[in-house]
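The values are calculated or read from the model by the stated rules, or taken from the named source; none is laboratory data. Everything numeric here is computed off the predicted structure, so don't read it as measured data. Reconstructed Cβ throughout: ideal geometry from the backbone, glycine too, with neighbour counts over all protein chains shown. Ligands, DNA and RNA are stripped out before the accessible areas are found, and what is left, the full protein with its side chains, is counted by its heavy atoms. Shrake-Rupley method; radii C 1.70, N 1.55, O 1.52, S 1.80 Å.
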Amino acid sequence: MIPPRLHATLDALSAAIPVVGTSIAGASYSSRKRLAAIGLGVATYSLESSYRGRTRCRPIRPELHWLLDAGHGATCLALARDLDDPSARALLRGYAAFAMAVAALSSPPGPEGIPVASRAKVEPADELACLRCGIVNVTFIGAPGAGDREWFLVDTGIPGSAATILQAARRRYGNARPAAILLTHGHFDHVGAVQHLMNEWDAPVYAHPAEHPYLTGWRSYPPAAPEVGGGMMAELSWLFPRHPIDISRRLRALPDDGHVPGLTDRRWIHTPGHTPGHVSFWNQKTRTLLAGDAIITTKQESLHGALFSPTRLQGPPAYFTPDWSAAQSSIRRLADLHPSMLATGHGSTLQGAELALGLHELLSAFQLRGLPQYSRYLQGPRTTDV
């Protein structure tokens with residue numbers, strides 16, 4: 001993290017550059033007026049900030065200050081598109097990058113998680129296949145060549161993933177359709193292609209009943225918590241969609257007894273915390289666990305971690321987790337299964353002794369290495385929007 005005194009100096013530069021820099025670069029009068037307002041705003045919230053915690057005379061908390069830094073950087077990036085002068089446009093884009101970098105470098109490190117040796121990484125067995133769609137994984141359940149309605153898809157990736165998933169399904173199963181689409185939960189990066197795929201395959205979609213309000217247009221997820229820190233994914237999380245979708249026409253409830261219709265060797269387990277109706281899928285015979293976002297194997301708060309997957313074990317993505325007590329209980333429930341293989345919604349599939357040791361260490365040190373330093377939800381969940 002950037003130390004407080006250095007951050008105060010950078011704030012002074014942030015207030016001066018939009019005013020002085022664009023004047024030197026030859027921006028128009030109207031552009032300079034808007035940028036002067038930005039500079040004045042930066043100076044105002046900087047003077048009102050307490051860099052070491054909230055005080056009576058300086059009420060702006062550090063986590064709010066980081067968000068304001070990121071926000072004014074993004075504003076300058078948008079304004080740069082309207083500048084006709086190339087030098088002024090380049091200066092403003094450079095400044096926007098500077099402001100957003102300061103925000104990212106000033107934020108706390110986020111949950112540390114437990115590093116895991118790369119030798120623990122493995123490709124799933126024949127029954128399973130994981131496909132990465134941007135920042136998230138989807139999983140095929142069913143051996144290659146399974147017949148029509150004899151395989152399952154778990155989650156559907158980010159928006160725009162339908163073509164990639166359909167291509168992978170055709171390579172693995174030909175023209176055979178899945179028996180159902182199973183959702184671990186309804187966040188945007190797990191239901192991005194669900195409407196396209198359920199219509200293409202004429203397939204039902206199963207989810208936990210507690211997740212149905214977010215899948216039938218009734219309820220939005222709670223606001224993101226970008227103050228958790230850890231990198232640009234967290235900083236930008238307030239921009240991520242959290243509104244409900246409506247797939248009620250094909251949506252079905254997972255049965256109360258834990259079985260999955262048509263899938264005899266795998267059961268679902270309720271693992272709330274990241275969302276109220278989050279579920280994981282467990283095969284007792286092969287001891288393989290599909291944990292969704294209840295446990296992940298990458299530092300999802302970081303853009304580098306989300307894209308390049310350094311191997312580590314940690315709880316759910318911190319910026320979208322509103323109930324940390326339930327999340328910790330869900331991790332314990334899954335660790336008590338002693339899985340031999342773990343596939344997750346984000347990151348690599350893991351197996352072996354390193355997996356068992358990592359899960360034990362994550363649980364024993366969860367307060368220090370599993371929780372973010374800051375989150376509006378550390379004191380408990382809030383009611384979601386209706």
Angle between the chain longest axis and helix 86-106 axis [Cα atoms, degrees, rounded to 10]: 60 degrees
Rounded tilt (10° steps) of 62-80 against the dominant C-alpha axis of the chain: 80 degrees
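Per-residue ellipticity at 222 nm for the chain, helices alone: DSSP H runs ≥ 4 residues times -39500 (n - 2.57), over residue total, nearest 500 deg cm²/dmol?
Computed mean residue ellipticity for the chain: -10500 deg cm²/dmol.
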Order by protection proxy (mean Cβ within 10 Å, highest first), peptides 363-369, 330-336, 310-316, 70-76: 310-316, 70-76, 330-336, 363-369
Cα gyration tensor, the stretch 203-285 - rounded (a/c under 1.5), prolate or oblate: oblate
Set of aspartates and glutamates near K121 by C-alpha distance (under 12 Å), chain-local residues within fewer than 8 positions excluded: E354
Anchor K299: aspartates and glutamates whose Cα lies under 13 Å away (excluding residues fewer than 8 positions away in-chain): E112
Mean Cβ count within 10 Å, highest first, over the residues of peptides 161-171, 318-328: 318-328, 161-171
Qualifying GluC sites (Glu not before Pro) for the stretch 187-267 [loop in DSSP, other Cβ within 10 Å: at most 10]: none
Sulfur and carbon atoms: percent of accessible area, the chain [1.4 Å]: 56 percent
The stretch 179-231 - percent relative contact order, Cα under 8 Å, separation 6 or more: 36 percent
Dipole of the chain [Lys/Arg +1, Asp/Glu -1 at C-beta], most positive-end residue of W282, Q367, G229: G229
Accessible area per residue in Å² at 1.4 Å probe, computed on the chain: 43 Å²
Shape call, the stretch 243-326: gyration tensor on alpha carbons, a/c limit 1.5: oblate
Within the chain, percent of DSSP bridges classed antiparallel, to nearest 5: 65 percent
Relative packing of peptides 139-149, 99-109, 343-353 - highest average C-beta neighbours within 10 Å first: 343-353, 99-109, 139-149
Given charges at beta-carbon only (K, R positive; D, E negative), |dipole| of the chain in Debye: 560 debye
Gain in span if fully extended, Q167 to D126, counting 0.36 nm per residue against the direct Cα distance: 12.9 nm
Area of H208 that stays accessible when all protein chains are in place (1.4 Å probe, Å², to 10): 20 Å²
Gyration tensor verdict on the stretch 256-386 (Cα atoms; rounded if a/c is under 1.5, prolate if a/b is larger than b/c, oblate otherwise): oblate
Extension gain from E200 to D85, taking 0.36 nm per residue of separation minus the Cα-Cα distance: 36.6 nm
Inter-probe distance in nm under a simple model that places probes 7 Å from Cα toward Cβ, at A353 and T286: 2.5 nm
Calculated from backbone phi, Karplus (6.51, -1.76, 1.60) coupling profile of the stretch 287-300 in Hz, x at Gly/Pro: 6, 9, 10, 9, 8, x, 9, 5, 9, 10, 10, 8, 7, 6
Residue among G186, S302, I38 farthest towards the positive dipole end of the chain, charges placed on Cβ: I38
Helix 29-47 vs. the chain, principal-axis angle (Cα, 0 to 90°, nearest 10): 80 degrees
